[in-house]
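A quick write-up on the structure given underneath.
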Amino acid sequence: MKTRNIILYFVGLLVLCSCNDMFEPADENNRQEDAMYEESKYAHGLLMYAYGRLPYITTTQTDIATDDAVTNQKNNNLLFMATGSWASDNNPMSQWDKCRDGVQYVNLFLTKVDKVKWALSAASKQQMFIDRLKGEAFGLRAIFYYHLLQAHGGYADDGVLYGVPLLTTPENGSSDFNQPRATFADCVKQCFADCDSAMALLPADYNDIFNDDEIPAKYKALGANYSGFNLVFGTKAKNLISAKIAEAVKAQVALLAASPAFREQSGVTSAQAATLAANVLKRVGGLEGFDLTGNVWYKNTTKLEPNASEMPEMLWREDRHKNAVQERDNFPPTLYGSGRVNPSQNLVDAFPMRNGRPISDPNSGYDPKDPYANRDLRLADNVVYNGSTFRKTVIITGKYPNEKGESSDNIIQIETSTRTGYYLKKLLREDVSPLASSLIEQQHIYPRIRYTEIFLAYAEAANDAWGPKGDPTGVGFTAYDVIKKIRERAGLGTNEIGQPLPEGDAYLEECAADQAKMTNLIRNERRIELCFENKRFWDLRRWLLPLNEKVMGMEISRNDETNELTYKIIEVENREYNSSYQCYGPIPKGEILKWSNLKQNKGWQ
């Protein structure tokens with residue numbers, strides 16, 4: 001029996017007998033299950049273990065396995081995967097163990113929650129705690145199944161689109177572990193049901209109230225007062241699963257299910273996905289709630305500090321962490337970093353000109369001899385390119401030294417130099433010093449769900465369902481309206497000094513007249529807006545786009561007599577994916593060998 005199944009067998013015993021950080025141990029540190037019902041912290045540990053299994057990544061990682069970036073870290077598992085070693089028994093993108101463990105903790109908790117004494121006296125507090133904790137558990141389970149579907153859903157040899165084994169009760173020593181995979185559609189239904197359950201039990205946000213009139217009737221009838229309500233549903237619970245978060249997760253599941261890779265058998269249409277995303281956006285007033293600085297939220301350092309008010313861009317985020325990890329990994333060598341994530345020329349080319357036209361458009365004004373001039377301002381926000389000023393230092397990535405005579409930032413110069421001619425800038429704080437002898441750490445947050453992501457989800461699904469300007473549901477905005485707002489925020493349709501062009505964003509208007517062109521534009525906007533947030537790998541696969549696009553870079557030489565620069569696009573790394581089947585991830589080989597009822601996705605061994 002694999003370690004995971006041993007854990008499943010003993011999970012109750014382990015939690016009940018070994019949580020020394022949660023309570024004073026009983027005599028000989030042996031506890032029975034009944035003790036859980038008398039001590040709420042004891043039982044709450046199960047739910048906290050589930051939170052600990054959330055699959056969100058807090059640094060830029062998976063982009064290096066896509067056409068958006070490479071890494072200079074030679075022993076990186078994602079580099080190995082992207083260059084030919086991806087296998088069912090070697091899968092760094094697997095969510096199988098972590099998310100299924102999370103499901104087990106949730107299922108176990110749901111069997112206990114109604115029996116625990118969450119409040120010593122008031123019946124209203126007892127019921128409020130039960131409702132909140134149940135709601136959180138349902139929301140967590142939906143998240144775990146969403147990530148399992150994203151990583152492991154796919155077609156088997158029998159032509160059926162499968163998800164994963166669908167478990168809503170905890171496994172134990174007498175369970176039959178040889179469970180078949182449920183259909184993808186049934187897994188989606190379960191995600192939706194769990195989101196709905198969470199939404200029915202949880203508030204949209206966790207905020208304090210200031211009088212009894214604001215208490216929901218259900219709890220008022222039980223005698224609740226506003227101080228008791230705040231104890232359970234107030235600001236102290238912020239960043240836990242809320243109804244708003246569950247609603248956003250439901251929209252994410254729907255977008256995945258309605259995507260080209262899954263829509264044929266998922267039971268979800270683009271119209272449904274658009275409607276669910278619109279429901280989330282209605283909570284912020286639609287486009288009226290669009291954050292005009294949301295694309296550079298990571299630069300708003302005052303909002304990153306403890307006790308700062310929430311950023312309007314953040315629907316859900318990680319807790320704040322004070323560190324220098326991302327900067328130590330990704331600053332250029334002259335700034336004492338390791339330059340790990342190297343943005344690709346492919347991604348740089350995806351940023352349009354400031355007039356809004358792609359650089360491939362003959363009317364864009366793009367000059368290959370001056371490739372960074374008059375570009376989309378988001379390029380400079382996200383990427384350090386040759387001649388960029390970063391931390392008051394001019395970074396030279398070309399094949400010539402900087403003004404101090406240093407060349408370690410040059411392309412392929414030392415082990416920590418860029419391989420593509422670019423360094424990561426997004427998410428990094430310039431007021432961090434990663435050098436151990438003068439270390440300065442700062443607060444960071446990492447988004448789990450941004451409102452921009454939901455706006456883009458609506459645009460993608462609405463355009464697919466109704467075209468660029470269709471709005472049959474009367475939500476009040478269209479795919480075109482969303483993309484226009486995003487591009488206006490980026491400063492597109494303006495000249496080099498920021499003045500609106502007479503023709504405005506003419507390229508957007510061209511795309512608005514052609515659904516297929518709008519699809520490509522929406523996908524490109526998503527690529528730019530969410531770059532380096534670990535989204536691209538999953539997007540390429542759900543769109544059924546090629547995974548094996550060769551990664552390119554930029555080599556820049558200088559004529560020392562004339563100071564003229566010469567730009568040459570170079571090949572950096574081949575991608576060795578098989579797009580015919582690797583758009584769907586594998587079921588772990590060890591699980592397939594162990595359980596005869598599990599079907600593997602087509603093409604995987």
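Among residues belonging to the range 193-224 that are among the aliphatic types (A, V, I, L, M) and closer than 24 Å to VAL280 by Cβ, point out the one that is farthest from the chain's Cα centre (by Cα). Full working, then the answer.
Filtering the range 193-224 down to residues among the aliphatic types (A, V, I, L, M) leaves 193, 198-202, 204, 209, 215, 217, 221-222, 224.
So of that shortlist, the ones also closer than 24 Å to VAL280 by Cβ come out as 193, 198-202, 204, 209.
On the way: ALA193: 22, ALA198: 21, MET199: 21, ALA200: 25, LEU201: 25, LEU202: 23, ALA204: 21, ILE209: 32 Å.
Looking at the filtered set, the residue picked out is ILE209.
Out of curiosity, is GLU264 charged (D, E, K, R), assigned to a helix (DSSP H, G or I) and over 20 Å from the mean Cα position of the chain (by Cα)?
Values: charged (D, E, K, R): yes; assigned to a helix (DSSP H, G or I): yes; over 20 Å from the mean Cα position of the chain (by Cα): yes.
Considered against the rule, which asks whether it is charged (D, E, K, R), assigned to a helix (DSSP H, G or I) and over 20 Å from the mean Cα position of the chain (by Cα), GLU264 comes out as yes.
Hey, can you tell me all the residues within the range 237-288 that are open to solvent by less than 40 Å² (accessible area, probe 1.4 Å) and in contact with a strand residue (DSSP E or B) (Cβ under 6 Å, 6 or more places away or on another chain)?
Those that are open to solvent by less than 40 Å² (accessible area, probe 1.4 Å) and in contact with a strand residue (DSSP E or B) (Cβ under 6 Å, 6 or more places away or on another chain): ILE245, ALA248.
Identify, from the list ILE483, ILE556, ILE497, the residue that is more than 30 Å from ASP89 (Cα to Cα) and in a strand (DSSP E or B). Steps first, please.
Details: ILE483 fails: in a strand (DSSP E or B); ILE497 fails: in a strand (DSSP E or B).
Every option except ILE556 fails the conditions.
Would you pick out the residues in the range 87-104 that are open to solvent by 20 Å² or more (accessible area, probe 1.4 Å) and touching a residue at least 60 places away in the same chain (Cβ under 8 Å)? Working first, answer last.
Step one: filter the range 87-104 for residues open to solvent by 20 Å² or more (accessible area, probe 1.4 Å), giving 87, 89-92, 94-95, 97-98, 100-101.
Correct list: ALA87, ASP89, ASN91, SER94, ASP97, ARG100, ASP101.
Say whether the condition of being over 28 Å from ASN382 (Cα atoms), free of Cβ contacts under 8 Å to residues at least 24 places away in the same chain and open to solvent by 30 Å² or more (accessible area, probe 1.4 Å) is met by at least one residue in the range 69-82. Steps first, answer last, please.
Just the residues of the range 69-82 that are over 28 Å from ASN382 (Cα atoms), to begin with: none.
Taking every residue of the range 69-82 in turn, none turns out to be over 28 Å from ASN382 (Cα atoms), free of Cβ contacts under 8 Å to residues at least 24 places away in the same chain and open to solvent by 30 Å² or more (accessible area, probe 1.4 Å).
State which residue is most open to solvent (accessible area, probe 1.4 Å) when the search covers only the range 570-605 and only residues that are over 26 Å from ASN342 (Cα atoms) and not in a loop (DSSP other than H, G, I, E, B).
Going through the qualifying residues, I end up with LEU593.
Tell me, which residue of the range 510-532 that is more than 23 Å from the chain's Cα centre (by Cα) and not aliphatic (A, V, I, L, M) is surrounded by the fewest Cβ atoms within 10 Å (Cβ to Cβ)? Break it down stepwise before answering.
Here is the first cut: in the range 510-532, the ones more than 23 Å from the chain's Cα centre (by Cα) are 510-518.
Still in the running and not aliphatic (A, V, I, L, M): 510-511, 514-515, 517.
Details: GLU510: 15, CYS511: 23, ASP514: 13, GLN515: 16, LYS517: 15.
Restricting to residues being more than 23 Å from the chain's Cα centre (by Cα) and not aliphatic (A, V, I, L, M), the top hit is ASP514.
Consider GLU453 carefully, then state whether it is open to solvent by less than 50 Å² (accessible area, probe 1.4 Å), more than 21 Å from LEU379 (Cα to Cα) and part of a helix (DSSP H, G or I). Give the derivation first.
Details: open to solvent by less than 50 Å² (accessible area, probe 1.4 Å): yes; more than 21 Å from LEU379 (Cα to Cα): no; part of a helix (DSSP H, G or I): yes.
So GLU453 fails the test.
On the given criteria, is LEU292 touching a residue at least 40 places away in the same chain (Cβ under 8 Å) and closer than 19 Å to CYS583 by Cα? Lay out the reasoning, then the answer.
Working: touching a residue at least 40 places away in the same chain (Cβ under 8 Å): yes; closer than 19 Å to CYS583 by Cα: no.
So LEU292 does not fit the description; no.
Looking at (1) farther than 30 Å from GLN582 by Cα; (2) open to solvent by less than 10 Å² (accessible area, probe 1.4 Å); (3) out of contact with any Gly (no Cβ under 8 Å at 6 or more places or on another chain); (4) of a type outside the set (S, T, N, Q), which is the one condition that is false for GLY470?
(2)
Can you find even one residue in the range 464-472 that is hydrophobic (A, V, I, L, M, F, W, C) and without any contact (Cβ under 8 Å) to a residue 60 or more places away in the chain? Write out each step before concluding.
Looking only at the range 464-472, we keep the residues that are hydrophobic (A, V, I, L, M, F, W, C), and these are 465-466.
Next, from what is left, pick out any that are without any contact (Cβ under 8 Å) to a residue 60 or more places away in the chain: none.
Looking through the range 464-472, none of the residues is hydrophobic (A, V, I, L, M, F, W, C) and without any contact (Cβ under 8 Å) to a residue 60 or more places away in the chain.
Just wondering, is there one or more residues in the range 556-572 that are among the basic types (Lys, Arg) and touching a helix residue (DSSP H, G or I) at 6+ places or on another chain (Cβ under 8 Å)? Don't jump to the end; show me each part of the working.
Residues of the range 556-572 that are among the basic types (Lys, Arg), as a first pass: 558, 568.
Still in the running and touching a helix residue (DSSP H, G or I) at 6+ places or on another chain (Cβ under 8 Å): none.
Scanning the range 556-572 turns up no residue that is among the basic types (Lys, Arg) and touching a helix residue (DSSP H, G or I) at 6+ places or on another chain (Cβ under 8 Å).
Would you be able to tell me the number of residues in the range 383-399 that are touching a helix residue (DSSP H, G or I) at 6+ places or on another chain (Cβ under 8 Å) and of a type outside the set (Gly, Ala, Ser)?
Going residue by residue through the range 383-399, those that are touching a helix residue (DSSP H, G or I) at 6+ places or on another chain (Cβ under 8 Å) are 383, 385, 388, 390-391, 393, 395.
Adding the requirement that they be of a type outside the set (Gly, Ala, Ser) leaves 383, 385, 390-391, 393, 395.
Within the range 383-399, residues that are touching a helix residue (DSSP H, G or I) at 6+ places or on another chain (Cβ under 8 Å) and of a type outside the set (Gly, Ala, Ser) number 6.
The values are calculated or read from the model by the stated rules, or taken from the named source; none is laboratory data. These figures come from a predicted structure and were not determined experimentally. Positions of Cβ are backbone-derived with ideal geometry, glycine not excepted, and every protein chain shown enters the neighbour counts. Please note that ligands, DNA and RNA were not included when accessible areas were found on the heavy atoms of the full protein model with its side chains. Shrake-Rupley method; radii C 1.70, N 1.55, O 1.52, S 1.80 Å.
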